[in-house]
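Values in this text are rule-based calculations from the coordinates and carry no lab data. Note that this is a predicted model, so its numbers are computed, not measured. Positions of Cβ are backbone-derived with ideal geometry, glycine not excepted, and every protein chain shown enters the neighbour counts.
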Amino acid sequence: MEDFQKELNKVLNKYQDFERIQKHLKNLDTQLKGGYRELDKFEKILEKHGQDVKQLESLSLKGIFHKILGSKKEQLDKERQEYLEAALKRNEHKKSLELLEYEKKVLEDKLKKLQDIPAQAEAMIQKRENDLMRSGTPVGMRILTISQQIDSSRHLKREIKEALDAGKDAVVILEEMESYLRNARNWGNWDMMGGRGMTTYVKHSNIDRARARLHKAQHLLNRFENELRDVYNPRQLNLSLNLDSFTRFIDIFFDNLISDWVVQQRIRNALSNVVSVKDKASRLIGTLEMDDKDLVVKMKQLEKEKKQLVLNFKG
């Protein structure tokens, strides 16, 4: 019976992978569909202005601002600001879509290798249930119930681990962005004052380094949110936290950046947004870690009860 249980656990883990990949592929398709719609919208705006999209891709963030906004007086023109927003978001959406397409291909390859697992899992689960129920004893039925609870807890524990891994990856990138943005504060002021040289170069490098991590941060935040929904139902998430700043991270980042450049020549709001999202992710990680500890205690209690039932059963 012990060997059968080990084999069942192995197959159930693979089946969980199968279900998780299917769910993620469905989420990816939804993200890609919406992403291509957004990309098309931004590219139409750029075409309307006769802009070379490929040329914009090669420019630094500061270079894009200067090319589109122009002089201080022109910076206040609403049409130019909307044009800048389209240029920035088009580039980042394109990077995000490339990352999503790559992830989709990897997942599709993994799914092909697991295509026989659902049938194997169903057959093994049915065999165990039949054996236990055939015993016709209260002990047999209780063992069956405990085993099902352990399987469910093991599944949840794995979901929690995946959510924790995703959240920690996102926090690492957000911390890097926070560091670069702090070093690049007041990034517009030196142009107004005629500043040049190494100080200009360092600030320019910092803002571009933060930007380079932006689409990856959005990708990791989306993954974290998907993993969270595997652990908690939507109602629990909505009650505890509004995830809007996760799903619109890129848009909020650039909206703040454009506004600050034009009005204040600072990036305080963009930095504040990154810190807020990072803190939110960190709090969720803390919740997941506490739930994981509670689950470990519960599983140990169930295993202990099942073992005592088996050892004390007189048949």
Item to check | Spatial separation of Cα centroids for region 152-186 and region 109-124, in angstrom | outcome: 30
Checklist outcome for this item: In nm, the gap between the two label points placed 7 Å beyond Cα toward Cβ at Val139 and Ser276 is 6.0
Next on the checklist: Sorting check: for 41-47, 223-229, which peptide has the highest mean count of neighbouring beta carbons within 10 Å, and how do the rest follow?
Outcome noted: 223-229, 41-47
Item to check | Computed FRET value (nearest 0.05) for Asp292 with Lys44, which takes r as the C-beta separation and R₀ as 41 Å | outcome: 0.30
Item to check | At R0 = 41 Å, FRET efficiency that the Cβ-Cβ distance of Lys168 and Asn130 yields, to 0.05 | outcome: 0.45
Next on the checklist: Given points 7 Å out from each Cα along the Cα-Cβ axis, report the Lys307 to Asp17 separation in nanometres with one decimal.
Outcome noted: 2.8
Checklist entry - In what sequence, highest mean first, do 282-290, 298-306, 206-214 appear when ranked by Cβ atoms within 10 angstrom? => result 206-214, 282-290, 298-306
Checklist entry - Where in region 89-114 does the label zone of Asp29 land, with the point 7 angstrom along Cα→C-beta and an amide N cut-off under 14 Å? => result 104-105, 108
Next on the checklist: What's the ranking of 87-100, 8-21 by average number of surrounding C-beta atoms within 10 Å, highest first?
Outcome noted: 87-100, 8-21
